[in-house]
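The structure appears right after this line, and notes come after that.
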Amino acid sequence: MQSVRETKRESLLLDSGDLFFDRYRKEIRAEDVTAQSEKAHLILKCYNLLVYDAMGIGDDDLSLGKDFLVDLSKNASFPFISSNLMDKETGEALFKTHVIKETGGLRIGIFSLLSPYFFSVESDQESCFASPLRKRKEFSEKSGRKQTWLFSSVILAIRQILNWRKPCRALM
């Protein structure tokens, strides 16, 4: 990665989520929580060393709960982003809703969407979700107005969207 960054300075290193756990294969057992927590911290240290630019939140990243992920994000040298993942109690976004990165003479606005359809277990319901379609529309509409973050050359969506009733359309 270091050599790529040195030779290709106009690059971004992003992750779309499901970084820390692979719960889709099996649920995390109570006796494995400590080991899985340590694994997540180790992965984060590696990503910090790789100098990631941003990470979108995936459903599996919430496997140990929103509080664990919020605390983990405080140790990251890059922002965790989710445009539609909200705290159920406060209604506030759990993470940054977007970031702006500059590379190769371009300002790139990055936002992330997570589908609520991934969540079926009651323990997953510590968080609530704003509609991904509504959030995508909000970001698209803001791009037509003079919003600070949207003086961007490119708007990029990191997404984990599944089970849409309609096919996904281009954001631009």
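At a glance:
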read-out: Filtered trypsin sites (Lys or Arg not before Pro), region 37-104: DSSP coil and at most 13 other beta carbons within 10 Å; value: Lys74, Lys88
read-out: Sites matching GluC sites (Glu not before Pro) across region 1-86 that sit in DSSP coil, with at most 10 neighbouring C-beta atoms within 10 Å; value: Glu10
read-out: Label-zone membership for region 67-94, site His41, 7 angstrom Cα→C-beta point, backbone N under 19 Å; value: 67-78
read-out: Potential lengthening between Leu106 and Ser3 on full extension [0.36 nm per residue; Cα-Cα distance subtracted]; value: 34.9 nm
read-out: Net charge contributed by nearby residues that have their C-beta within less than 10 Å of Ala54 (K/R +1, D/E -1); value: 0
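Coordinate-derived values only; no laboratory data. Everything quoted here is computed from the prediction, not taken from an experiment. Neighbour counts run over all protein chains shown; Cβ positions are idealised from the backbone, glycine included.
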